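Some notes on the structure that comes next.
Please treat every number below as a calculation from the coordinates, not as lab data. In this text the structure is predicted, and so the values were computed from the model without any measurement. Cβ: placed from backbone, ideal geometry, glycine included. Neighbour counts: every protein chain shown.
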2 protein chains.
Amino acid sequence: MSTILSSLTLTIPEKIYIKDPQSSKLGRRILEYSIQLIRQEGLEKFTFKKLAKKINSNESSVYRYFENKHMLMLYLISWYWGWLEYKLVFRTNNIEDKEDVLKRAIIAITETPRRDETFGFINEEELHYIIVQEYSKAFHTKDVDEENENGYFIIYRRLVERLSKIILNYNPSYCYPLTLSNTVIQGALKQNFLHQHFKHLSDFKETDEEPITKFFQNLIFNSLK
Amino acid sequence: MSTILSSLTLTIPEKIYIKDPQSSKLGRRILEYSIQLIRQEGLEKFTFKKLAKKINSNESSVYRYFENKHMLMLYLISWYWGWLEYKLVFRTNNIEDKEDVLKRAIIAITETPRRDETFGFINEEELHYIIVQEYSKAFHTKDVDEENENGYFIIYRRLVERLSKIILNYNPSYCYPLTLSNTVIQGALKQNFLHQHFKHLSDFKETDEEPITKFFQNLIFNSLK
DNA sequence: CAAATTTAAAAGTAATACTTTCATTTTAAT
DNA sequence: ATTAAAATGAAAGTATTACTTTTAAATTTG
């Protein structure tokens, strides 16, 4: 993606944060370095105290932006889904051929991200890494239903719906567009995780290029034809 | 499944526990009631203290069986995978037709379990519920690689490999048997979760019978044909 | 029945996840 | 440039958690 759109910012549902972290220097430092620190320590051992120390700030200051680390994680996850949505739209824009649109959509969602300068202070490559490791913990809580009502997952919903429409557009008689859309989006993350930590449960070789994308393209086009 | 085999017990890797919970009355009570309590409270709010109170025992006694709640969860998850493996083998045993074998395998893995008397003190229906909600938390830790080396996930591995062989047997030229096998096993759990908590992201109606099974059968057979 | 093992009760420790208070700095408005 | 408002930092405080230790009582086993 180009740096032309570098003034773009992704909008995250207000209820997720106390004070908008994109609105201040400290807030942006919190986002930038929390990704680094979560990657280093893992979500379990990551604390606001450690983060504050890392950015030469104070625990209580971090708490003024996010209620707790769970909410910070929800913020980062929303950011990630928003970014995927943006990629999806950008890459399929102005394309006529329905098969081509679906092909490009699958690539946008399943490819391994490289550092991308579009949104300045977020390192997309590193964010992808922590999403792969940690995202399901933020979903799978006792309070999902309540959090869902609060709109915490609205960006994910939009992403799934967008992809499902592209699927349905390609094959209008397919019965499971939403289910397949979910399967691709979440399955891609899961396969990344398995490929990293359970090599023997993966069919891919080190030399394969974007094997996860290839798997899902094969799966989807065979399934929809 | 019948109750004929009620004396069967599933073998769980030794390293997961300190003292085998299947070997004593207290141990079995720990397993039985931990499932209930995790379901009630969610894994986050579940503590050994609460569990001990529920079974009229003591915190320190529970710690003599499991190092911590993470290990208890790994035990329950291994038990679940072991149970799926058992179902898979039992249901496909003596069947000749390769397509039929694969069909039955998909059912065994993706169907919604009912209370099954095969293994006495474990409520399979309730276990399935907590696996759907919580299992990915036990996978996605900073220590996966180490835990993997310790053999904590060996039963999962066996299950994935078994299903992948059935897939490959049905279509020997298919390139991604392991990846597809993982996608089905983990995807089925994920779809259960979505169906429960994100109804609008699901194509299924309340009246559909075993829609998740149908989705995966459609996906796999279209993809392998 | 005696010895070995298991369990219960209670108290203790270190870390975590916040909260509160108050002083200081920064920013924004006139 | 002055002042009020807002944001930040430092430090101390609280409740809970996750686990450990010790000792005594109960249970099992040989």
Mean separation of Cα contacts under 8 Å, 6 or more apart, over the residue count of chain A: relative contact order % = 24
Environment charge of A:Phe215, counting only residues whose C-beta is closer than 11 Å and scoring Lys/Arg +1, Asp/Glu -1 = -2
task = Determine Rg/Rh for chain A; Rg is computed over alpha-carbon atoms and Rh is the Kirkwood hydrodynamic estimate from the same atoms.
result = 0.98
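Any idea what diffusion coefficient the stretch B:84-184 gets from Stokes-Einstein, in µm²/s, Kirkwood Rh on alpha carbon pairs, 20 °C, 1.002 mPa s?
142
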ask   = Along the three principal axes, how long is the protein assembly as shown when you take its alpha carbons, biggest first, rounded to the nearest angstrom?
value = 68, 54, 44
task = DSSP loop (so not H, G, I, E, B), at most 11 other Cβ within 10 Å: list which trypsin sites (Lys or Arg not before Pro) in the stretch B:105-205 pass both filters.
result = B:Arg114, B:Arg115, B:Lys205
task = Quick one: divide the alpha-carbon radius of gyration of the stretch B:60-110 by 2.2 N^0.38 Å and tell me what you get.
result = 1.67
task = Give me the angle, in degrees from 0 to 90, between the Cα long axis of helix A:25-45 and the longest principal axis of the Cα atoms of chain A, rounded to the nearest 10.
result = 70
ask   = By the scheme Lys and Arg +1, Asp and Glu -1, what is the net charge of all other residues having a beta-carbon under 12 Å from that of A:Leu168?
value = +1
key: Charge tally in the Cβ shell below 12 Å around A:Leu74, where Lys, Arg are +1 and Asp, Glu are -1, A:Leu74 excluded   = -1
task = Could you work out how far helix B:211-224 tilts from the main Cα principal axis of chain B, as a 0 to 90 degree angle to the nearest 10?
result = 50
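With a cap of 16 neighbouring Cβ atoms within 10 Å, and only residues DSSP puts in a loop, list the GluC sites (Glu not before Pro) found in the stretch A:118-200.
Hits after loop and neighbour filter: nothing returned.
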Rounded to 10°, Cα long-axis angle of helix A:98-110 versus longest principal axis of chain A = 30
message = In the protein assembly as shown, if the dipole is taken from +1 on Lys/Arg beta carbons and -1 on Asp/Glu beta carbons about the Cα centre, which of B:Leu127, B:Asn56, B:Ile16 is farthest to the positive end?
response = B:Asn56
query = Cα centroid distance between the stretch A:118-174 and the stretch B:14-91, in Å?
reply = 32
